[in-house]
């Protein structure tokens with residue numbers, strides 16, 4: 001999983017926008033949508049981490065092919081670790 005973060009420190013504080021990219025390399029449409037649904041739900045669980053970002057932030061989560069075989073718990077650990085790393089920078 002790769003996360004790209006863009007922060008506009010000059011903008012008013014607002015909600016963090018999150019987008020997901022799951023390419024065809026991950027699997028067919030059913031698999032890609034399952035990965036996106038899981039990532040959306042896991043992101044909601046980590047909203048407190050995202051609210052600490054300064055200014056207005058945009059976050060893009062890009063799922064890599066191993067995400068198709070990862071369990072919900074594995075995706076959660078990976079996303080949590082990644083968001084913690086991003087929020088401290």
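In the set (1) part of a helix (DSSP H, G or I); (2) modelled with pLDDT of 95 or more, residue 24 fails one condition alone, (1).
Per the conditions (1) part of a helix (DSSP H, G or I); (2) more than 15 Å from the chain's Cα centre (by Cα), the sole criterion not satisfied by residue 35 is (2). Filtered by the rule that a residue be more than 19 Å from residue 73 (Cβ to Cβ) and either in contact (Cβ under 8 Å) with a residue 40 or more places away in the chain or crowded, with 17+ Cβ neighbours inside 10 Å (or both), the range 28-52 gives 32, 50. What are the residues in the range 39-89 that are part of a strand (DSSP E or B) and in contact with a helix residue (DSSP H, G or I) (Cβ under 8 Å, 6 or more places away or on another chain), if any? 57, 59, 61, 63 - these are the residues of the range 39-89 that are part of a strand (DSSP E or B) and in contact with a helix residue (DSSP H, G or I) (Cβ under 8 Å, 6 or more places away or on another chain). Among the residues making up the range 1-52, those that are within 13 Å of residue 83 (Cβ to Cβ) and touching a strand residue (DSSP E or B) at 6+ places or on another chain (Cβ under 9 Å) are 1, 2, 3, 4, 5, 16, 18, 39, 43, 50.
The values are calculated or read from the model by the stated rules, or taken from the named source; none is laboratory data. Remember, it's a predicted structure, so these values are computed and weren't measured experimentally. Methodologically, a virtual Cβ is constructed for each residue, glycine included, from the backbone with ideal geometry; neighbour enumeration extends over all protein chains shown.
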